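Encoded as structure tokens, the structure appears first; notes follow it.
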Amino acid sequence: MDNMDNENVIVETADTTTVSEKPKTPGKAIASLILGIASLLLGCCGSVGIVTGIISIILTCSLKKDTGDKNTMATVGMILGIVGIVISLIVLIVNLAMGGALFAEIMSEMSY
């Protein structure tokens, strides 16, 4: 007979009863995923997406170092963080290029 509880899984058979706890998701994995999503969504804001992406990567590496195993949620957070950093860098470079072009246009207008 199988009985599902909120915290434990109890499996009863004719000869033994086994209680095993459900694995809990580490807080660092959840934080990494949230920051990875934030990095992806805030990529248009430049440095905000870079900061959240870096923190997401650091949390994932720290979790892997502490536990030694791969956590899917943390890995997805790290991947999203990397993508968010790339998007943020592209937006930052485009903004700098547009700002430089605008500055050159203003300077050329002022020289007349």
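So here's what we get for this one:
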read-out	value
Considering residues of the stretch 66-112 that are assigned to a helix (DSSP H, G or I) and among the charged types (D, E, K, R) only, the residue farthest from Ile37 (Cα to Cα)	Glu109
Residue in the stretch 27-49 that is within 14 Å of the chain's Cα centre (by Cα), modelled with pLDDT of 80 or more and of a type in the set (S, T, N, Q) present	yes
Positions within the stretch 52-73 being at pLDDT 90 or above and either under 11 Å from the mean Cα position of the chain (by Cα) or acidic (Asp, Glu) (or both), in sequence order	Thr52, Gly53, Ile54, Ile55, Ser56, Ile57, Ile58, Leu59, Thr60, Met73
Hits in the stretch 25-65 - residues which are of a type in the set (Val, Ile, Thr) and not in a helix (DSSP H, G or I)	Thr25
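The values are calculated or read from the model by the stated rules, or taken from the named source; none is laboratory data. A quick note: this is a predicted structure, and the numbers were derived from the prediction, not measured.
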